[in-house]
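Only one structure is covered here, and it is reproduced in the block below.
The values are calculated or read from the model by the stated rules, or taken from the named source; none is laboratory data. Computed from a predicted structure; not experimentally measured. Note: ideal-geometry Cβ built from the backbone for every residue, glycine included; neighbour counts use all protein chains shown. What goes into the accessible areas is simple: the full protein's heavy atoms, side chains included, and nothing from ligands, DNA or RNA. Shrake-Rupley method; radii C 1.70, N 1.55, O 1.52, S 1.80 Å.
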Amino acid sequence: MSADSQVMSSAVAGVHTNALHNIVTIAKRELAAYFASPVAYVFIVIFLLLVGFFTFMVGGFFERGEASLASFFMWHPWLYLFLVPAVGMRLWSEERRLGTMELLLTMPVSTWQAIVGKFAASWLFLAIALGLTFPMVITVSYLGDPDLGAIFTGYLGSLLMAGAYLAIGCMTSAMTRNQVVSFIISVVVCLLLILCGWPPVTNMLVKWASPWLVDIVSGFSVMTHFESFQRGVVDSRDLYYFLAVIGFSLFTTGVIIRSHRAG
Amino acid sequence: MIKVENLVKAFGPKLAVNGVSFTVERGEVLGFLGPNGAGKSTTMRMITGFIPPTGGRITVGGYDMVENPIPAKRLIGYLPENAPAYTDMTVEGFLGFAAELRGLRGEAKKRAIGRAVEMCFLENVLYQSVDTLSKGYRHRTCFAQSIIHDPDILVLDEPTDGLDPNQKHEVRTLIRRMGEKKAIVFSTHILEEVDAACTRAIIIDRGQIVANGTPTELRQRSELAGAVTLRIADADAGTVGQKVRDLPVVRRSEVLDNNGAVVRVRAFPQPTVKNGDLERSLYELAVREKWRLLELKVEEGRLDEVFRSITMPDTKRRVEEGTK
C-alpha cells in the first residue's frame, strides 16, 4: 500500500490545485449559470425598473431639491428583501434537486470552497446589477453637486447588505431542495432583520421595554447599520455587523450541508 | 487501491450498510450486485467521500477518506446514480468544469476533454446544452466527467442504466478495457454485466455482503451447477425419467420438456459424485437403452439463480414486513 501511495502522490504532485483556483472555477461556473438562463436578465431589468420607480416616483427624487441619492438608497433594504432571496434560492437547492451536489462534493474540493465559490458568484452578480444603477450617479452629478463620498459609502453599504441577505438565502437554500420554500424562509428571516430596527417597530418597543433591550434588538437590524453608510460614515461596527451576518450564515450553510450528508 | 473495513452506515435506527469489508486492487473490476435498497449506492457514496460512514474505515490509495479526503478524492472518478449534470451547461462546458476542478488547465485540459469525448462518443453533442440531451447522452456525459482525469480508481453507480443495448455493450467493453490498468467498482442489477465485465463480484443484501467471488465461483453456488441436461428423440418421457432417476449417481431428475418427439430431462448429481461421473453414467445409460441422444450438456450454473437463491428469502420477508 505504501508503494502504491508513493506512485500516487508523485502523480498528483504535477497537478496544481489550490483553494483559490477551486473557488474561482466554481464561481465562474455559477456566474455563467445565471447568465445562461433568463434569471439574470429578468432580475436585472426588474431591479432597475423598481429602483427607478421608487427613487423618482415614490421617493420624490426631484421634489427633495437636494443633490443626494438618499431617495435611492432608502429603498434598497425593501427591494433586496424580495429580489436577493430570488437570486440566492437556487444556490444549493438546485444542486440537491439535480443531484449535482454529489458530483461537486466528491470532486477534490472542500465544502467551504464550494460554499464560498457559489456565494462569491451570486454576490458578484448582485454587484453587477447594483453597478448598472450608475446612471443615478450621473444624473445627480449633472443636476447638482452631490457628496460623492456619501454616494460611494452608500453603494458599499448596499453591497454589504445585499451580501448579508444573500448569505441568508444561501443558508436557507441548503436546507431544502424546494426553491420556493427556500425563497419564503429567507424572505421571512430577512424581514425580521429589517423590522427589528425599523423605527415604527422600535418606537413600539420603547413603550414597554427597557432601552438597553431596544438597543440590542435594533442592533440586529440591517436598517440601523445601513443608515450610517447612507450618511457617508463607514463605522467599523457596521462593517463587522454585515461581515458577521455573512460569515455566520455561510458557516451555518456548511453545517447544514454536512448534516444533510451525514443523513 | 480501495480498502473498505467493517463499513457501517446508519440512517436513524436503520442500518443501510452493516459491516461491509472488501478490497479492490489495480487490474480488478469489482461488480456490486444486490436488490434495490440493498446498500449499494450508500456504500459507493461512502467510498467516494460524499457521505461519512457511521463506522469503519475507507482507505483509497493509502489515504483515509475521512481524515484526508482531498488527496483520496483526487484518485477517484465517480459516476453517481442517475448521472447528474448541470443542465444549464453545454457538454463541453460541463467537461471543462470537471477538468478544471481536477486541476487540469490549458493544453492538458483540452487534451483530457478530447480524450473523454472520444471514449464516450460525445462528438455530436459537444456544444449542445445538457438539458436538451437524451438520457443516453446525458449518462455518457456524466461518465465522461468521471474519466476526464484518467483516474486510477473508478466508482460507477449503475453505469449502464438507461442506455440502449448497443450503448450498454460499448460501456461494458470500455469498463473491461479500462479495468486492465485501473481499479474499478461498479454496481448493477443486470447479471449478464457481471460476466461481461467483472473479474470479481460481490452480492450485497440488506447492508451485508452475502457472496464474494469470481463470476465462475459464484455460478458454482447455483443448484444448477454440475447438473446434466439430456435431449433425447423418440422416447417416452416417463421411462427416461425413471431410468435416469434409478442411476446411483443421480439425486433427482426432472423432465423439462416433452413434446412427444423430443424429451428433455435434467439430472442433478448426488453431492458425493466426482466431476465427470454423472455425464459418463448418463451417456452409458443412453447407449445401453439405445436412446437417440441429441444433446448432453453439463450446466455451469446461472448467476441469476444464485442471486435469487441468496437474496430472495430476504426480499420476500421485506415485502411481508411492508404489508403488515
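Of all the residues in the stretch A:108-167, those that are under 23 Å from residue A:187 (Cβ atoms) and either within 11 Å of the chain's Cα centre (by Cα) or not aliphatic (A, V, I, L, M) (or both) number 22. Among the candidates B:61, B:77, B:55, the residue that is of a type in the set (Gly, Ala, Ser) and within 7 Å of another protein chain (Cβ to nearest Cβ) is uniquely B:61. Of all residues in the stretch B:221-271, those satisfying the criterion of being open to solvent by 70 Å² or more (accessible area, probe 1.4 Å), farther than 20 Å from residue B:306 by Cα and modelled with pLDDT under 80 are B:257, B:258, B:259.
Does residue B:38 qualify as being in the same structural domain as residue B:195 (by TED's automatic domain parsing), open to solvent by 10 Å² or more (accessible area, probe 1.4 Å) and either small (Gly, Ala, Ser) or closer than 22 Å to residue B:188 by Cβ (or both)? Answer is no for this residue.
Exactly one residue among A:108, A:146 is open to solvent by less than 10 Å² (accessible area, probe 1.4 Å) and farther than 15 Å from residue A:81 by Cα, and that residue is A:108. Taking the criterion of being in contact with a helix residue (DSSP H, G or I) (Cβ under 6 Å, 6 or more places away or on another chain) and β-branched (Val, Ile, Thr), the only residue of the stretch B:32-57 that qualifies is B:51. In the stretch B:82-125, of all residues being aromatic (Phe, Trp, Tyr) and within 11 Å of chain A (Cβ to nearest Cβ), the one that is farthest from residue A:105 (Cα to Cα) corresponds to B:94.
Report yes if some residue within the stretch B:190-211 is of a type outside the set (D, E, K, R), touching a residue at least 60 places away in the same chain (Cβ under 8 Å) and farther than 30 Å from residue B:152 by Cβ; otherwise report no.
The first filter runs over the stretch B:190-211 and keeps only residues of a type outside the set (D, E, K, R), leaving B:190-191, B:194, B:196-199, B:201-204, B:207-211.
Those still in the list that are touching a residue at least 60 places away in the same chain (Cβ under 8 Å) too: B:191, B:194, B:197-199, B:201-204, B:207-211.
Within this subset, residues satisfying the condition of being farther than 30 Å from residue B:152 by Cβ are none.
Checked the stretch B:190-211: no residue is of a type outside the set (D, E, K, R), touching a residue at least 60 places away in the same chain (Cβ under 8 Å) and farther than 30 Å from residue B:152 by Cβ.
Just to be sure, is residue A:255 surrounded by 14 or more Cβ atoms within 10 Å (Cβ to Cβ) and among the hydrophobic types (A, V, I, L, M, F, W, C)?
Details: surrounded by 14 or more Cβ atoms within 10 Å (Cβ to Cβ): no; among the hydrophobic types (A, V, I, L, M, F, W, C): yes.
In short, no.
Considering the stretch B:1-52, the qualifying strands (runs of 3 or more DSSP E), each wholly inside and each with 2 or more residues that are within 14 Å of chain A (Cβ to nearest Cβ), run over B:2-11, B:14-24.
Among the residues of the stretch A:63-80 satisfying the criterion of being among the hydrophobic types (A, V, I, L, M, F, W, C) and modelled with pLDDT of 80 or more, which is surrounded by the fewest Cβ atoms within 10 Å (Cβ to Cβ)?
Just the residues of the stretch A:63-80 that are among the hydrophobic types (A, V, I, L, M, F, W, C), to begin with: A:67, A:69-70, A:72-75, A:78-79.
Add one more test, that the residue is modelled with pLDDT of 80 or more, and what stays is A:69-70, A:72-75, A:78-79.
On the way: A:69: 23, A:70: 16, A:72: 25, A:73: 26, A:74: 18, A:75: 16, A:78: 14, A:79: 17.
Across the stretch A:63-80, the extreme among qualifying residues is A:78.
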